[in-house]
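What follows is a single structure, written as structure tokens, with notes after it.
Just so it is clear, none of the values below were taken in a lab; they were calculated from the coordinates. Note that the coordinates shown come from a computational prediction; the quantities given were computed from them, not determined experimentally. Reconstructed Cβ throughout: ideal geometry from the backbone, glycine too, with neighbour counts over all protein chains shown.
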Amino acid sequence: MLEKDGKLQRAFYEYQALVQKFPRSPDFEAALEAQYNIGKAYLDGKRVDLYGVPTLPSMTKAQEMFQKIVTNAPYSRIAPLAQYGIGQALEKSGSITATVNAYQQVVDRYPNSDVAPNAMYQIGYVYFQASRETGYDQTAAVRAQEAFEDFLLRYPNSEKVPQAQDNMTFRLGSDEGDAMRDPDGTPLRVVMNFNQSLRGLSVGAPVDFRGIVLGQVTNIGIEYDPKTRNFRMPVTLNLYPDRLGKQARQSMPNPGSAASEDLLQRLVAHGLRGQLRTGNLLTSQLYIALDFFPKAQAVKVNTSADTLELPTVPNTLDELQLQVADIAKKLDKIPFDEIGANLNSSLKNANSLFKQLDTQVAPEARDTLSAAKKTFVDAQTTLQQDSPLQSDVHQALQELTRTLQSLNALSDYLERHPESLLRGKSGDKP
């Protein structure tokens with residue numbers, strides 16, 4: 001009933017209680033299978049996956065559920081499937097070392113199971129993907145080669161043999177330096193969401209940290225955010241922390257540990273952000289810069305997400321345009337005409353009052369009354385439609401509008417004619 005009501009997690013733990021309390025129950029295997037189906041629902045995240053209940057993918061929940069099945073019944077019929085599911089969840093999360101270990105446990109513990117050949121193939125495939133995702137990782141390529149060779153020797157009749165043979169071809173280094181350079185290590189998969197045009201950014205564009213290329217762009221997408229009713233532009237990157245040098249590599253905590261999560265939170269708190277920048281003025285090619293922006297708005301990073309998301313900041317020109325537009329909007333909301341009309345009406349009433357008092361007050365008070373009347377006349381003159389104050393305010397608004405239009409025109413022109421920064425506009429004389 002709990003599955004049909006959509007309460008999958010609660011249902012899983014109800015089955016968990018049955019499995020732990022009644023290991024000899026005739027329903028033991030059925031309960032394990034139900035647990036496995038719930039974990040598979042979280043792993044796959046299909047719109048209608050289990051009893052017609054829509055589910056969303058959660059690799060963390062799937063991994064936890066599969067692990068409980070293996071722990072509760074390590075020799076059951078479901079255990080190899082659950083252990084293989086752990087590997088799948090870790091693979092989708094992008095953790096190469098943990099993924100390989102999980103698949104290796106399938107091969108070691110359940111070598112005669114139906115999923116053992118697939119697990120051994122996936123070990124080679126994980127390394128194969130790592131060697132090709134960004135540039136070329138020689139260490140991952142060698143490990144992929146070894147894993148596929150072991151797979152072919154151990155499971156020569158598997159349906160995945162042709163795929164393994166195709167994946168055993170690796171590219172050579174472009175030169176001696178490329179072939180002999182140190183491996184980059186395991187990539188860190190990161191996503192950054194931008195709220196601006198990505199024209200000029202392409203897959204393979206570098207990710208730069210103060211002149212050091214830390215990685216490359218691997219995917220560029222677009223998503224609709226129903227909360228903000230706006231589109232955002234997710235850019236997926238592969239970063240190689242090992243490129244920061246031997247000392248940084250030795251001092252960094254292990255990925256996924258509490259210490260590494262704490263370090264990331266502190267870096268973001270100090271202003272670590274991603275920013276789009278122009279790398280080539282002639283072609284308008286963009287790259288992503290990682291740097292520290294101490295005045296950036298404070299944010300928290302969700303380190304439990306399947307893919308780590310780092311915050312971003314707009315580039316300088318976009319930020320300037322936004323600031324000018326914001327100033328213009330705020331000034332435009334000030335009802336100068338209404339304020340002037342109300343004050344002008346009040347001054348007319350005061351002038352009428354002065355005329356009445358002029359015939360009624362004592363002679364000794366008329367000097368004071370005359371001075372006050374003169375002050376109000378001056379104020380009334382100041383608030384006339386053609387007064388300098390009104391003219392200056394309108395002129396300021398017009399200048400702000402023209403400034404914003406000029407910035408927009410400059411941005412559009414540079415996007416279409418980046419060469420003008422070097423040569424000037426067509427027709428200009430040197």
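Some values worked out for this structure:
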{"read-out": "Cβ-derived FRET efficiency at R0 30 Å, T97 paired with Q20, nearest 0.05", "value": "0.45"}
{"read-out": "Stretchable slack from V203 to E33, in nm (0.36 nm times residue separation minus alpha-carbon distance)", "value": "57.0 nm"}
{"read-out": "Cut-off under 5 Å, modelled amide H: who pairs with F209 long-range", "value": "L214, L290"}
{"read-out": "Whole-Hz ³J(HN,Hα) from phi, Karplus 6.51 cos²θ - 1.76 cosθ + 1.60, for the stretch 200-213, glycine and proline x", "value": "x, 9, 9, 4, x, 4, x, 10, 10, 10, 6, x, 9, 6"}
